[in-house]
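Below: one structure, written as structure tokens.
Every read-out reported here was derived from the displayed coordinates using simple, explicitly stated rules and does not represent laboratory data. The model shown is predicted, which means the values in this text are computed figures rather than measured ones. Cβ placement follows ideal geometry from the backbone for every residue including glycine, while neighbour counts extend to all protein chains displayed.
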Amino acid sequence: QVQVVESGGGLVQPGGSLTLSCTASRNIFSFYAMGWYRQALGKQRELVATITGSGNLNYLDSVKGRFTISRDSAKNTVYLRMLNLKPEDTAVYYCNADDVEYNYWGQGTQVTVSS
């Protein structure tokens, strides 16, 4: 059973920054892609950023230029660096490992942007 575990959420003021981490129990290059999704209260879960095994990146339009997804294969970890955070970024952020036939999800980490 594959496990993915997120960390790094918290409360930050508008304009602040946070870095989320997601560690998988398996080599991250064994997945088709890994990524971050978020779900705000009362809204559907949405894709924030993904990175494929070959390094292709995809971002939600509203986070382009502010968020960066990266990975460290030695640590089996994917990161989401978030800059210039806005109140509308407030959500539970979930890590996803796409194994093509199955998607693995973490438990989520809360990010709250508020003054």
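Return the single residue from LEU41, LEU20, LEU60 with maximal mean-square fluctuation; model: Gaussian network over the chain, springs between Cα atoms under 10 Å.
With Cα springs under 10 Å in the chain, the top fluctuation among LEU41, LEU20, LEU60 is at LEU41.
Note down, for segment 41-96, the three equivalent ellipsoid semi-axes (square root of 5 times each alpha carbon gyration tensor eigenvalue), biggest first, whole angstrom.
Three semi-axes, in Å: 21, 13, 11.
For GLN44 and GLU88, compute 0.36 nm times the residue count separating them, minus their Cα-Cα distance, and round to one decimal in nm.
Here the segment from GLN44 to GLU88 would lengthen by 14.5 nm.
Between ASP99 and THR52, how many nm apart are label points set 7 Å from Cα along the C-beta direction?
My value for the distance between the label points is 2.1 nm.
At each listed q (0.09, 0.10, 0.20, 0.23 Å⁻¹), what is the log10 of I(q)/I(0) that the Debye formula gives for segment 1-112 modelled as equal alpha-carbon point scatterers?
The Debye formula, applied to the Cα set alone, gives -0.20, -0.25, -1.02, -1.33.
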